[in-house]
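Below: one structure, written as structure tokens.
The values are calculated or read from the model by the stated rules, or taken from the named source; none is laboratory data. Since the structure is predicted, the reported quantities are computational estimates derived from the model, not experimental observations. Don't worry about glycine lacking a Cβ; one is built from the backbone with ideal geometry, like all the others, and counts go over all protein chains shown. SASA here: full protein model, heavy atoms, side chains in, ligands and nucleic acids out. Shrake-Rupley method; radii C 1.70, N 1.55, O 1.52, S 1.80 Å.
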Amino acid sequence: MPVNDCLQLKLPAPFWAISLSDIHLQAKQTKASAWVEQELAQRIRSHAGPGIVVLNGDIIELWAGQNPDLKAALQAHARLTSAIKNFGEQPGCQVVFVVGNHDGEVGWSSEDQKVIQAELGAKLCFQLELNMNGKVVIFEHGHQLDPDNLFEDQRDPHDHPMGQYVVQKILPMAQKSKTEVLADVDTLADPRRFPIFLFSRIFYRTIVRNSGWLALPFVLALLYRFLTVVGFYFLEQAPPQKVLDFLVLTDIVIILDAVLLIVIGYVILRHFWKLSASLVDERGGSDHNRDPREYTSTRISSKKITGGVFGHTHVAELTPIKDGFYANSGSGTKITKAYQARLGLPKIYIPSLQLSWLEFEMGQKVKVSLFAGNRKLEGLKGFEKLLLKKPIVYTEAKLVKSLEV
């Protein structure tokens, strides 16, 4: 079954659509994929009437893990797979599989293409143009706008972007270390911030945790002070004023030692924090969706489209742009994000489960809705819990934003 460069579909109103991406299904279920299957299978089965399911890239994980297998991944999530296929078999309904980067193999493998057709009944493409009553909305995964994951030729089995090398070579080496410092590195929301993540983990899980030795000089000073005072009283019978002067002097020395240690520690911390930040490629800063949003804005300005729907960044978004919109379906994965710490200390990296997707209702207008939620995972350690500035709010998947164009 051929993969279309750009699949163009025209659907009459009214109809319903759902777009999901970056659920990274593997041959063995995870906590994240079990939540994805539960929520989205129910959501798709509950809809009746004309519609379309858009699987907008990185649905299957074919880069990471031991011997990744597309068919095994779909069969391990049979409830979701059957819900999608059954939906596409209903009158006026269909399924579209947009090829991403982690499942980029589908772009050139005829065997994978046959499995997609057999298991999901989906049409295949690299980009989808959906004409909704004259309003054209494009769906694409978004990796082609990311230089680290860009394919020069998506149909070439020998084309391997840098991102694939990182996932298949670098991350497994980090995971083999079995150290708490590198725990969750494979689920970073922004892998480009690895230097900052690494510094944060070293600071909280190595330096702070093992900082007890810093109290040694103070313990020794207090011990010396105690022994000296005992000597004054019982050996030399020193006058009270001499004892008092000694106590004041030792207080001053201890305070100066503490201030010196704090200053030295702060200077070292600031230096390495700035160094780690300087190693980060700041394309877009923390705005992960900047490039696809700007691309969508340019297309909207040219009057060629009404909206752009992407994935890849794992950051859900729904934003109006002029007379159209930009949307990102986020992901259904375990993800590790940075959160503010107290006292201006380095940000704390915490893993959680996140799930988000987009839905569309086509009538006289196009209504776009973003659904999102997150669940707690164990991952915070000792001082990280103590120094986290604000508690994290966890919610089940629910409607968080909608707009009409």
> Given H placed on each backbone N at 1.01 Å, which residues far from Lys401 in sequence or on other chains put an amide H within less than 5 Å of it?
Replying inline: Leu370
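Would you mind calculating the gained length between Lys71 and Thr206 on full extension (0.36 nm times residue separation, minus the Cα-Cα distance), in nm to one decimal?
On the way: separation 135, 0.36 × 135 = 48.60 nm, distance 4.21 nm.
Taking Lys71 through Thr206 to full extension adds about 44.4 nm, to one decimal.
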> Among 96-107, 123-134, 382-393, 28-39, how do they line up from the highest to the lowest mean number of other beta-carbon atoms within 10 Å?
Replying inline: 96-107, 123-134, 28-39, 382-393
> lysines within cross-link reach of Lys169: Cα-Cα under 25 Å, excluding same-chain residues under 8 positions apart?
Replying inline: Lys28, Lys31, Lys71, Lys178, Lys334, Lys337
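For segment 1-144, what is Rg from Cα atoms divided by 2.2 N^0.38 Å, rounded to two decimals? Intermediate results must be reported in sequence, preceding the final value.
Working: Rg = 14.3 Å, N = 144, 2.2 N^0.38 = 14.5 Å.
Ratio of Rg to 2.2 N^0.38 Å for segment 1-144: 0.98.
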> So if R0 is 22 Å, what FRET efficiency would Ser297 and Ser402 give, r being the distance between their Cβ atoms, rounded to the nearest 0.05?
Replying inline: 0.65
> For segment 114-163, what is the charge dipole size about the Cα centre, in debye to the nearest 20, if Lys and Arg each add +1 at the Cβ and Asp and Glu each add -1 at the Cβ?
Replying inline: 380
> With charges set only on the Cβ (+1 for Lys and Arg, -1 for Asp and Glu), what does the dipole of segment 325-377 come to about its Cα centre, in debye to the nearest 20?
Replying inline: 300
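Highest first, please rank the peptides 42-48, 55-61 by the mean number of other Cβ atoms sitting within 10 Å of their residues. Provide the component values of the computation, followed by the final result.
Numbers: 42-48: 14.1, 55-61: 28.0.
Descending mean neighbour count gives 55-61, 42-48.
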>> At 0.36 nm per residue, and after removing the present C-alpha to C-alpha distance, how many nm does the segment from Asp323 to Val263 gain when stretched out fully?
In response: 16.2 nm
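Suppose R0 equals 56 Å; then what is the FRET efficiency for Lys381 and Glu89 from their Cβ-Cβ distance, rounded to the nearest 0.05?
Values: r = 49 Å, r/R0 = 0.87.
Calculated value: 0.70.
Given the pairs Lys304/Lys365; Lys123/Lys322; Lys376/Lys401, which are separated by over 28 angstrom at their Cα positions? The partial results should precede the final answer.
Numbers: Lys304/Lys365 17 Å; Lys123/Lys322 31 Å; Lys376/Lys401 22 Å.
The answer is Lys123/Lys322.
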> Of all the accessible heavy-atom surface of segment 1-46, with the other protein chains kept in place and a 1.4 Å probe, what percent is carbon and sulfur?
Replying inline: 50
>> Per 0.36 nm of contour for each residue apart, how much would the distance between Asp148 and His160 grow if the chain were fully extended, relative to their Cα-Cα spacing?
In response: 3.3 nm
> Can you tell me the accessible area per residue over segment 132-191, all protein chains present, probe 1.4 angstrom, in square angstrom?
Replying inline: 54
> When ranked by the protection proxy of mean other Cβ atoms within 10 Å per residue, highest first, what sequence do the peptides 135-145, 65-75 form?
Replying inline: 135-145, 65-75
> Put a dot 7 Å past each Cα toward the Cβ at Lys390 and Ala174; how far apart are the dots in nm?
Replying inline: 2.7
